[in-house]
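*Asks:* This structure is in structure tokens; I'll ask about it shortly.
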Amino acid sequence: MHEENKAAANGCGKIRSGAQNGAALLALMEKTGYSMVQQNGQRKFGGPPPGWEGPPPPRGCEVFVGKIPRDMYEDELVPVFERAGKIYELRLMMEFSGKFIGVCVSLDNCRLFIGAIPKDKKKEEILNEMKKVTEGVVDVIVYPNATDKTKNRGFAFVEYESHRAAAMARRRLIPGTFQPWGHTIQVDWADPEKVVDEETMQRVKVLYVRNLMISTTEDKIKAEFNKFKPGVVERVKKLRDYAFVHFFHREDAVAAMSVMNGKCIDGASIEVTLAKPVNKESSWKQHFNGQISPSSENLLGFPNKEDGTQKPLGKPASLSVRLNGQHSPVPPEVERSTYPIFPGIKLTPISMYSLKLSHFSSAVMHLDYFCHKNSWAPPEYCLYSTTSQDGKILLVYKVLISSIADDSQSYFMPEKLCTTVEDAKELAAQFTLLHL
């Protein structure tokens, strides 16, 4: 079969010479008035288009299109995409594929995760260091250690003015090429914040309070938030160094946020924001595909049935912030599917730690992954048992988490017993993740 026929049969279009490609692209530019430039391994068509006035489209207006045949170019792609609406900009990167294209919303991510940062570095030091070697730095988000507020947690988030600036910075900060303070850092994309619509946020009457002292009690928090207006706090739920403060009325929650943000409680300067509601479909219950037993639902905390706001689903200043880069964590959904192995498919050995969090569906794997990403020792599980009144053997795991950096150790053990080793280990991992 001729090459042209092969290409047509595979749905990849016709093979053209360089001269034919050039002529076709020139004709496209003359017809549309768009410009075309080669930039950083991409060919950019438009951005802005002719006659465009005002700022570029806001975040959320871009889609990513994958699996485009390598011999298909802008003159064929533009007419297809224009069916959906006016194109502001098209950036083309070519990858060979004989399959149908895939389209999804493009994540216009402007935030990088930087790990393995010396824990004695302050925000200003990290900000200055990032500005020295990367361009477009807007801010650095650093979280203090839960037990020692003079230290950071060994990681930070760097916010850039644009996705392109963040992408260029990520390339510049590849481990081995840049060692701030003589340390090899970890660099990755921070998972983008979940966007909650304004209408939903207008109903929130729960505040998220972080950077609390471990020793600060729920009663102390309730008393402090009731000072500006007695009796407005319904309840407080505190986990380690953060808490959720529930109010009877939204207007009191908003007023308290303004008054209490930056205040000191037991010597710690707290940060206060509105808690972001969590979509019930994105809860841990669905995330673990029904693997959480009914007995552990109350322990782990699911969305409040009354107002839809989030109960404590994880520690925003450690697990959730590291993985999602946001204040009210929502675990990513996990795709649980199998695919056939066709003859000739190349399989490449990889480390599980090179994968993303979304590739794991169990809390045990999440905890192992999280410890590795934070340069901690792997979690240690110690199994204990007791006997119920009816003679059943009941099991529970205690989990030891050791920090390699400062030799600190923490123990975590759920307050519920299980009948199987697998359930006990999964519950212990879930409990540990939620309290780290």
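The values are calculated or read from the model by the stated rules, or taken from the named source; none is laboratory data. Just so it is clear, the model here is predicted, and its values are computed rather than measured. Glycine also receives a Cβ, built like all others from the backbone with ideal geometry; neighbour counts cover every protein chain displayed. Keep in mind that these areas ignore ligands, DNA and RNA; they rest on the heavy atoms of the full protein, side chains included. Shrake-Rupley method; radii C 1.70, N 1.55, O 1.52, S 1.80 Å.
*Asks:* Exactly one condition in (1) within 24 Å of PRO57 (Cα to Cα); (2) touching a Ser or Thr at 6+ places or on another chain (Cβ under 9 Å); (3) outside any helix (DSSP H, G or I) is false for GLU135; which is it?
*Replies:* So the condition that GLU135 fails would be (2).
*Asks:* Okay, next question. Please indicate, with yes or no, whether at least one residue in region 242-249 is under 15 Å from THR273 (Cα atoms), of a type in the set (Phe, Trp, Tyr) and within 26 Å of the chain's Cα centre (by Cα).
*Replies:* Yes, the conditions are met somewhere in region 242-249.
*Asks:* Could I ask something else about it? So which residues in region 51-87 are under 17 Å from SER162 (Cα atoms) and modelled with pLDDT of 90 or more, if there are any at all?
*Replies:* If the condition is that a residue be under 17 Å from SER162 (Cα atoms) and modelled with pLDDT of 90 or more, then no residue fits.
*Asks:* Considering only region 233-248, how many residues are farther than 16 Å from ALA268 by Cα and either of a type outside the set (A, V, I, L, M) or surrounded by fewer than 20 Cβ atoms within 10 Å (Cβ to Cβ) (or both)?
*Replies:* 7
*Asks:* Could you grab the pairs with beta carbons closer than 7 Å, sequence gap of 6+ or different chains, first residue in region 373-395 and farther than 30 Å from ILE185 by Cβ, second one part of a loop (DSSP other than H, G, I, E, B)?
*Replies:* From region 373-395, the pairs are THR386/LEU417; LYS392/THR419; LEU394/SER388; LEU394/LEU417; LEU394/THR419; LEU395/LEU417.
*Asks:* Just checking, how many residues over region 366-396 are buried (at least 16 other Cβ atoms within 10 Å of the Cβ) and under 29 Å from THR419 (Cα atoms)?
*Replies:* 10
Conditions (1) open to solvent by 40 Å² or more (accessible area, probe 1.4 Å); (2) at pLDDT below 85; (3) in contact with a helix residue (DSSP H, G or I) (Cβ under 8 Å, 6 or more places away or on another chain), marked per residue:
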{"position": "VAL158", "(1), (2), (3)": "no, no, yes"}
{"position": "GLU161", "(1), (2), (3)": "yes, no, no"}
{"position": "ALA165", "(1), (2), (3)": "no, no, no"}
{"position": "GLY176", "(1), (2), (3)": "yes, yes, no"}
{"position": "THR184", "(1), (2), (3)": "yes, yes, no"}
{"position": "THR200", "(1), (2), (3)": "no, yes, no"}
{"position": "LEU212", "(1), (2), (3)": "no, no, yes"}
{"position": "ASP219", "(1), (2), (3)": "yes, no, no"}
{"position": "LYS229", "(1), (2), (3)": "yes, no, yes"}
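*Asks:* Could you tell me how many of the residues in region 337-392 are within 23 Å of ALA116 (Cα to Cα), in a loop (DSSP other than H, G, I, E, B) and among the polar types (S, T, N, Q)?
*Replies:* 3
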